[in-house]
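Data first, discussion second: the structure below is written as C-alpha cells.
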Amino acid sequence: MKPASVIVIGAGVGGIAAATHLAHRGVHVTVLEKNSRPGGRCDRFSRDGHHFDSGPTLFVMPLVYEAEFAALGVSVHDVLKLRQVDPTYHLVFDDGSQLALTSNLRSMREQLEAMRPGSFEGFLRYLDEGHRHYELAMQRLVNRDFRKASEFFNLRNVPLAFSLKPLVPHYSNMSNYFDDPRLKSAFTFQDVYMGLSPFEAPSTFSMMSYTELAHGAWYPEGGMYQVVEALFEIAKSAGVEFRFETSVERIETNGRATRGVILADGTHLPADAVLANADLPYVYDDLLPDRDLAAEQSRKRFSCSTISFFWGVDKPYPALGPHTLFIADDYRQNFDSIIGHLTLPENPSLYVHAPARIDPSMAPDGQDTLIAIVPVGHMDEKGGQDWPALRDRARESVFSRLALLGIHDLEGHIKFEVNYNPLSWRKRYNLMKGSTHGLSHNLMQLGYFRPSNRHPRYHNLYFVGASTHPGTGIPTALISARLAATRMLEELNL
Ligand SMILES: Cc1cc2nc3c(=O)[nH]c(=O)nc-3n(C[C@H](O)[C@H](O)[C@H](O)COP(=O)(O)OP(=O)(O)OC[C@H]3O[C@@H](n4cnc5c(N)ncnc54)[C@H](O)[C@@H]3O)c2cc1C
C-alpha cells in the first residue's frame, strides 16, 4: 500500500522535528521551505569570518532537549557538543551595580548579601517556588495537549489555579521574596521572551528563571545553529524530503478538509494531510480562505519584536561576558512602552551577546563578534513607526550602556553592521506584525486557550510551532512537534 503523504509548510525547528516523527512512522513527508536553508527563526549568517546566530542565542531547558532528541531516536549529547555557560547572564543595572547569575550558590549568596543583606534567603525560597512551578507546569500544561475542553477544565486541574499562581502578576509576587527593585527585575526579565510584561505575566513564569539557574544555560559548540544542523541530519536520515526556495501560496481546502497546497509558481501538490509550521496567524491570514478565523487570530495579543544589531568588530572586548543584560531603572515604563505603546522605551533594557567569549571560532583571531538585541514593540497596523529613527536611537542606547562597563570606543571599531527590525522579521520568516515570538503567552493564550495543534474546521490540517500549543522557544517547538505529530498519527490513522 502507498504510504500516507504529509506536506509540512516551513522548515523551522518545529517543522523539521514533526516531519521526523511522522517519517519514523512510515509517512512520506515533504517539507516545503520558502528560504534557502532550514531553521526558520533559529538562523545564522557569516561574514568575513564572523558568525552570527541571528535568532536564539540561549540553549535553556536542557532536560527538554534531552527528552525530545531521545524521542527522535538520538542522544542530544551525541550530536551536539554542549558546554555550560556559567554565569549565565551578567546583569548590569543603571546605577552601575552588577549581578552575575550563576548556579554556584556560594557566589549567589555573596553577591546577593552584598547587594541587599538578607536577600539570599528570599532567593532560596524563590527558587523553591520556581522548582514547583517548573515541575507542575511541564507535566500538567506544557508536555501535553488539550484536545477537548474537558481535558483542561476538570477537577484535577483546579489545584493548579492556586499552586501555579496564574492569577498573581509575576512582579507583585516578587515582593514575597525581595525588597530590592533590582532583584525583582533580575528574576522577572525573562517574561519578555513570552511577549509579556512581568507586571501582567502569571507568576507561573518563575519556572523560567528557575530552570536557567538549576539546569543551566548551555552553548552548543559552533553556535545555536548547530541545533538546526543536527535536527536536519536526523530528519534526512529518517527519509524526510526537503524542498528549499519553495514558497506555499495557498492551502487547498474543500469545506472540511485540505487536499494539499498550491505553490507560488502555481504548482499543485496533493497530500493526505498538511502540517503548517509557518507562524499560525500568518497561515490563517495568507494561506487559508476563512476570513472570520483569520480576523480572530489577528485580534489576539502578539509578542514584542526586536531591533537586532550584528557587528563584526576589529578588536576583542573581554569586558563583555557571553550574555550581558543591561536592565533599565525604569523597568515598568520599559514594558509599558514596548507592549502598551508598541515603541522603543526612552531608556531601553537590552541584551548583548559575545559568542567568541565561549567559542573563539565565532570571530577571527584578535577580533570580536557582537550581537545586541533591543526589544521593541511589534509593528503597528496603523503604521507611524519610524524604523530608521528607532534603529538609530536603539544603537545609541547600546553604546551608552556599554560605557557602564568601561567600553567607550566600540563605534570606532565596528567593521560592518547588519541590523534587523520588525519589518525584517516579517519579511524573512512571514511573522505577522514582525512579532519575534509569535502570539503572546498571557493567561488567555495559554493551555487550552492557545491555538491548538489542529485546525477547528479542516480535520487533516495541523499546526506546529511558536504560536501554537504549547508556545515559543526551541525546546517548546520540539514539544509542539511531538504533540502535533502524535495527534496526526492517532486521529488520521496514518
Ligand atoms: C531574536 C530571537 C531570539 C530568540 N531567542 C531564543 C533563545 O535564546 N532561545 C530559544 O529557545 N528560543 C529563542 N527564540 C525563539 C525561537 O527561535 C522560536 O520559538 C523557534 O525557533 C520557532 O520555531 P518554529 O517551529 O515556530 O518555526 P519558525 O522559526 O517560525 O519557522 C517557520 C518556517 O516557515 C517558513 N515559511 C513561512 N511561510 C512560508 C511559506 N508560505 N512557504 C514555505 N515556508 C514558509 C519560514 O521561512 C520558516 O523557515 C528567539 C527568537 C528570535 C526571533
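One line per residue, one yes/no per condition, for (1) in contact with a Cys (Cβ under 7 Å, 6 or more places away or on another chain); (2) open to solvent by less than 80 Å² (accessible area, probe 1.4 Å); (3) within 16 Å of I16 (Cα to Cα); (4) among the hydroxyl-bearing types (S, T, Y):
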site: A235; (1), (2), (3), (4): no, yes, yes, no
site: E252; (1), (2), (3), (4): no, yes, no, no
site: R256; (1), (2), (3), (4): no, no, no, no
site: G260; (1), (2), (3), (4): no, yes, no, no
site: D265; (1), (2), (3), (4): no, no, no, no
site: R291; (1), (2), (3), (4): no, no, no, no
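If you check T436, T486 for being within 11 Å of the ligand (Cβ to nearest atom), touching a residue at least 24 places away in the same chain (Cβ under 8 Å) and open to solvent by 10 Å² or more (accessible area, probe 1.4 Å), only one passes: T436. Every listed requirement among (1) modelled with pLDDT under 95; (2) more than 22 Å from N334 (Cβ to Cβ); (3) within 13 Å of the ligand (Cβ to nearest atom) is met by L446 save one, (3). Here M1 meets the list (1) within 15 Å of the ligand (Cβ to nearest atom); (2) free of Cβ contacts under 8 Å to residues at least 12 places away in the same chain; (3) aliphatic (A, V, I, L, M) almost entirely, failing just condition (1).
Each row is one residue, and each column tells you yes or no for (1) within 18 Å of M432 (Cα to Cα); (2) more than 15 Å from the ligand (Cβ to nearest atom); (3) open to solvent by 10 Å² or more (accessible area, probe 1.4 Å).
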residue: A294; (1), (2), (3): yes, no, no
residue: I327; (1), (2), (3): no, yes, no
residue: F335; (1), (2), (3): no, yes, yes
residue: H341; (1), (2), (3): yes, yes, yes
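Here N442 meets each of (1) more than 22 Å from T20 (Cβ to Cβ); (2) of a type in the set (S, T, N, Q); (3) open to solvent by less than 20 Å² (accessible area, probe 1.4 Å) with one exception, condition (3). Across the range 458-474, a minimum of one residue is classified as of a type outside the set (F, W, Y), more than 16 Å from the ligand (Cβ to nearest atom) and at pLDDT 95 or above.
Quick grid of which residues meet (1) within 28 Å of the chain's Cα centre (by Cα); (2) surrounded by 19 or more Cβ atoms within 10 Å (Cβ to Cβ); (3) β-branched (V, I, T):
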residue	(1), (2), (3)
I407	no, no, yes
V418	yes, no, yes
R426	yes, yes, no
L431	yes, yes, no
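For the residues T472, T468, the requirement of being under 17 Å from the mean Cα position of the chain (by Cα), within 26 Å of T246 (Cβ to Cβ) and open to solvent by less than 10 Å² (accessible area, probe 1.4 Å) singles out T468. When each of S46, S75, S103 is tested for being away from the ligand (no atom under 16 Å from the Cβ) and under 20 Å from E212 (Cβ atoms), the lone residue that passes is S103. Contact annotation: residue pairs with Cβ atoms under 6 Å, 6 or more positions apart or on different chains, pairing a residue in the range 468-482 that is part of a loop (DSSP other than H, G, I, E, B) with a partner that is near the ligand (Cβ under 8 Å from one of its atoms), are T468/S480; P470/T476; T472/H437; T472/G438; T472/A466. Counting only helices (runs of 4 or more DSSP H) wholly contained in the range 157-211, no element carries 1 or more residues that are at positive phi. Which residues, counting only those in the range 162-173, are farther than 18 Å from M194 by Cα and either open to solvent by 50 Å² or more (accessible area, probe 1.4 Å) or in contact with a Phe, Trp or Tyr (Cβ under 9 Å, 6 or more places away or on another chain) (or both)? Across the range 162-173, the qualifying residue is only F162.
The single condition from (1) over 30 Å from P355 (Cα atoms); (2) of a type in the set (S, T, Y); (3) away from the ligand (no atom under 11 Å from the Cβ); (4) in contact (Cβ under 8 Å) with a residue 60 or more places away in the chain that Y282 fails is (3).
Answer with yes or no whether V6 is closer than 20 Å to L489 by Cα and away from the ligand (no atom under 13 Å from the Cβ). Yes; evaluated as a whole, the condition is true for this residue. Among residues that are buried (at least 16 other Cβ atoms within 10 Å of the Cβ), outside any loop (DSSP other than H, G, I, E, B) and within 16 Å of the ligand (Cβ to nearest atom), D145 is not included. Annotation note: of S349, S308, the sole residue that is under 30 Å from G406 (Cβ atoms), of a type in the set (G, A, S), within 13 Å of the ligand (Cβ to nearest atom) and within 20 Å of the chain's Cα centre (by Cα) is S308.
For M224, the requirement of being in contact with a Ser or Thr (Cβ under 9 Å, 6 or more places away or on another chain) and within 14 Å of the ligand (Cβ to nearest atom) is met. Within the range 188-211, identify whether any single residue is surrounded by 17 or more Cβ atoms within 10 Å (Cβ to Cβ), charged (D, E, K, R) and over 23 Å from the mean Cα position of the chain (by Cα), and answer yes or no. Taking every residue of the range 188-211 in turn, none turns out to be surrounded by 17 or more Cβ atoms within 10 Å (Cβ to Cβ), charged (D, E, K, R) and over 23 Å from the mean Cα position of the chain (by Cα). Annotation note: Cβ proximity below 7 Å between a residue of the range 52-70 that is more than 9 Å from the ligand (Cβ to nearest atom) and a residue that is charged (D, E, K, R) and not in a helix (DSSP H, G or I) (sequence gap 6+ or interchain) occurs for F52/R44.
Residue pairs whose Cβ atoms lie under 6 Å apart, separated by 6 or more positions or on different chains, with the first residue in the range 33-46 and in contact (Cβ under 8 Å) with a residue 12 or more places away in the chain and the second more than 10 Å from the ligand (Cβ to nearest atom), are P38/F232; R44/Y225; F45/F52.
When the range 356-405 is filtered for residues that are crowded, with 19+ Cβ neighbours inside 10 Å and among the acidic types (D, E), only D368 remains. Based on this model, can you work out whether R299 counts as open to solvent by 30 Å² or more (accessible area, probe 1.4 Å) and without any contact (Cβ under 8 Å) to a residue 60 or more places away in the chain? Yes.
A count restricted to the range 13-54 and to residues that are open to solvent by less than 20 Å² (accessible area, probe 1.4 Å), in a loop (DSSP other than H, G, I, E, B) and not polar (S, T, N, Q) stands at 6.
The values are calculated or read from the model by the stated rules, or taken from the named source; none is laboratory data. Since we're looking at a predicted model, the values are computed, not measured. Because the Cβ atoms are built from the backbone with ideal geometry, glycine has one as well, and the counts that use them run over all protein chains shown. Just the protein is used for accessible areas: all its heavy atoms, side chains included, with ligands, DNA and RNA removed. Shrake-Rupley method; radii C 1.70, N 1.55, O 1.52, S 1.80 Å.
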